[in-house]
Amino acid sequence: MARIIVVTSGKGGVGKTTSSAAIGLGLALKGNKVVLIDFDIGLRNLDLIMGCERRVVYDFVNVINGEATLNQALIKDKRVSSLSILPASQTRDKDALNKENVGKVLEELGKSFDFIICDSPAGIEAGAMMALYYADEAVVTTNPEVSSVRDSDRILGMLASRSRRAELGLEPIKEHLLLTRYSPKRVEEGEMLSVEDVEDILSIPLLGVIPESQAVLKASNAGEPVILDTMSDAGQAYQDVIDRLLGETVDFRFLVAEKKGIFSRMFGG
Amino acid sequence: MADASIEFKGSSFTLSVLYLKTLNLADIRADLAKKIAQAPDFFYLVPIVVNIEMLNSSVESSFESTTDNSIDYHAIKTLVEAFNFTFVGFTGSLAKEQRQLIRELGFSFVNTARASTAEKQTFAKQAVTAQTETQTMVPQQPLFTDKIHRGQIRSGQQVYAKGQNLVVIGSVSAGAEVIADGNIHVYGSLRGRAIAGAKGHHHAQIYCQNLEAELVSINGNYWLSESMEQHWSSPVYIHLNDSELMSSKLI
């Protein structure tokens, strides 16, 4: 059985697509068969982050409408052959999806993949509900900032009440907290919520803390998921996330501000 | 056309009857206070009928010869209500004139089953009126049962314990709302809104392990966060003192 993981947040711009790309690629690099689905119909982004935007012929909506087969629409990643991407349509809107057909597509994908990663659109409307409906697990992406935490809380409420698992009374969706754009320095200065603050408010298990990093923007623009940048702290933090998703216990890193040594201070390290 | 929205029916109720033995209001007040102190919850908002037949003899035997009018019906009602009873009306084997007087003063006279058949017939009509009044005046059962919610109540969610107390085993997030006709207990942080005694219950209280609420309200009296500074982020219960909210530390 494939694990269906939705990457969601409520609020926009917190790093859902960046995280989806990193998690998808990271899991594939570990030898898993992974498919990444872009549920953000009309605001197609995942293909850009994955660097496959020029190879999109058919999309998710074409598959839903029976205009293309899954094999025609799936784009194989050039770096890792066990990773495929199902891009969103740029020309349609979110109403193009319906529960029944999405269910059929996910069932079909479940036969040949180990992980199905659903990149949710922002908001709490139909598109976001569709992305989380069939999920087994949810990666709730949150910035250490009050409005993002509030929106994540709202989405957690939806996960517990509006998903298929909730409707059928099955075991609830497994929730993971992914804190992104974390800046220990600003936490110390009291400008940002700390990991403990966010954990206290949301009270779900912490999956990872991704530090605020220049590498993320660079990676997005280059279409190379940041997890490939193994030198960067963000890339390493995502690597830890993958290990935790696969059941390993890994210590949390990048939670305290780095003390600048005398040399780096002198040479502007 | 039939009356679809209403229907009149006769029903019998067991009501508490308060027998007054003296006209001295101060004595009554003292004795009532003593009695209620033994079981305040039991008497809270209990509908009550006041029996005044024993007062007549005390009026007659008193040296100052006075008439029945000397029973201060209004004062009795006010006194009884001051102890949080729900006043229903007067009762007792009374002369026709006195019953008439009671009704003219705007109170209902509740016929007892002991009244003679002849009297029953005479008052059949009024009894129905009185009983109907009783029906409408019987308030919500003050002894609430508990509605228990396990787990966190998230932003955007609302939980209402209708006619019950609400017990939340978990936190109430900012942007969430918990409402109860009785008390609210939050075994976690209260960050959202809590509305206790929603249908008018003066003695409703709100208990929480950590008070960081957006709003708390009891029986329509509310506080916003800024009024909670005194006990912010601590285990607290909130109660109503007259019409002022008060917060006190739990531990």
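The values are calculated or read from the model by the stated rules, or taken from the named source; none is laboratory data. Everything numeric in this text was worked out from a predicted model, so none of it was measured. Note: ideal-geometry Cβ built from the backbone for every residue, glycine included; neighbour counts use all protein chains shown.
Just a few scattered comments:
- Selection from the range A:205-227 of residues that are over 14 Å from the mean Cα position of the chain (by Cα) and buried (at least 20 other Cβ atoms within 10 Å of the Cβ): A:211, A:213, A:219
- Counted residues, the range A:54-98 - those being under 20 Å from residue A:225 (Cβ atoms) and not in a loop (DSSP other than H, G, I, E, B): 9
- Taken over the range A:160-205, the criterion of being at negative phi, out of contact with any Leu (no Cβ under 7 Å at 6 or more places or on another chain) and of a type in the set (Ser, Thr, Tyr) is satisfied by A:161, A:180, A:182, A:183, A:194.
- Screening the candidates A:237, A:215 for the property of being in contact with a Lys or Arg (Cβ under 9 Å, 6 or more places away or on another chain) and without any contact (Cβ under 8 Å) to a residue 40 or more places away in the chain yields one hit, A:237.
Residue-wise test of (1) more than 10 Å from the chain's Cα centre (by Cα); (2) outside any helix (DSSP H, G or I).
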{"residue": "A:17", "(1), (2)": "no, no"}
{"residue": "A:20", "(1), (2)": "no, no"}
{"residue": "A:37", "(1), (2)": "yes, yes"}
{"residue": "A:47", "(1), (2)": "yes, no"}
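- Selection count, the range A:173-199, where residues are of a type outside the set (A, V, I, L, M, F, W, C), out of contact with any strand residue (DSSP E or B) (no Cβ under 8 Å at 6 or more places or on another chain) and within 14 Å of another protein chain (Cβ to nearest Cβ): 2
- Output for the range B:147-159, where each listed residue is touching a residue at least 24 places away in the same chain (Cβ under 8 Å) and farther than 15 Å from residue A:203 by Cβ: B:147
- Verdict on residue A:106 being in contact with a strand residue (DSSP E or B) (Cβ under 9 Å, 6 or more places away or on another chain), among the aliphatic types (A, V, I, L, M) and over 18 Å from residue A:120 (Cα atoms): no
- Some residue of the range A:87-107 being of a type outside the set (A, V, I, L, M, F, W, C), under 29 Å from residue A:233 (Cβ atoms) and either buried (at least 16 other Cβ atoms within 10 Å of the Cβ) or over 18 Å from the mean Cα position of the chain (by Cα) (or both): no
- Residues that are in contact with a helix residue (DSSP H, G or I) (Cβ under 6 Å, 6 or more places away or on another chain), away from chain B (no Cβ under 13 Å) and not polar (S, T, N, Q), drawn from the range A:145-172: A:164
- Positions within the range B:36-58 being touching a strand residue (DSSP E or B) at 6+ places or on another chain (Cβ under 6 Å), closer than 14 Å to residue B:16 by Cβ and not in a strand (DSSP E or B), in sequence order: B:45, B:46
- Test: residue in the range A:193-202 that is assigned to a loop (DSSP other than H, G, I, E, B), out of contact with any helix residue (DSSP H, G or I) (no Cβ under 6 Å at 6 or more places or on another chain), surrounded by 11 or more Cβ atoms within 10 Å (Cβ to Cβ) and modelled with pLDDT of 95 or more: yes
Results for (1) assigned to a strand (DSSP E or B); (2) more than 14 Å from every other protein chain (Cβ to nearest Cβ), shown as yes or no for each residue.
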{"position": "B:167", "(1), (2)": "yes, yes"}
{"position": "B:175", "(1), (2)": "no, no"}
{"position": "B:186", "(1), (2)": "yes, no"}
{"position": "B:210", "(1), (2)": "yes, no"}
{"position": "B:228", "(1), (2)": "no, yes"}
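- Matching option when the condition is touching a helix residue (DSSP H, G or I) at 6+ places or on another chain (Cβ under 8 Å) and at pLDDT below 95, among B:135, B:131, B:140, B:126: B:126
- Every residue from the range A:134-171 that is within 14 Å of residue A:4 (Cβ to Cβ) and either within 19 Å of the chain's Cα centre (by Cα) or outside any helix (DSSP H, G or I) (or both): A:134, A:135, A:136, A:137, A:138, A:139, A:159, A:163, A:170, A:171
- Residue selected from the range A:79-130 under the condition aliphatic (A, V, I, L, M) and within 14 Å of another protein chain (Cβ to nearest Cβ), by the criterion nearest to residue A:18 (Cα to Cα): A:128
- Residues within the range A:74-110 that are free of Cβ contacts under 8 Å to residues at least 40 places away in the same chain and under 20 Å from residue A:32 (Cα atoms), tallied: 7
- Among residues of the range A:7-21 that are under 14 Å from residue A:39 (Cβ atoms) and in contact (Cβ under 8 Å) with a residue 60 or more places away in the chain, those with a Cβ under 7 angstrom from a residue that is buried (at least 24 other Cβ atoms within 10 Å of the Cβ) and among the basic types (Lys, Arg), sequence gap 6+ or separate chain, pair up as A:7/A:16; A:8/A:16; A:9/A:16.
- In the set A:207, A:217, only one residue is farther than 17 Å from residue A:144 by Cα and either in a helix (DSSP H, G or I) or away from chain B (no Cβ under 14 Å) (or both); that residue is A:217.
- Looking across the range B:69-86, the residues that are among the aromatic types (Phe, Trp, Tyr) and either surrounded by fewer than 20 Cβ atoms within 10 Å (Cβ to Cβ) or more than 18 Å from the chain's Cα centre (by Cα) (or both) come down to B:73, B:83.
- From A:3, A:44, residue being farther than 20 Å from residue A:241 by Cβ and basic (Lys, Arg): A:44
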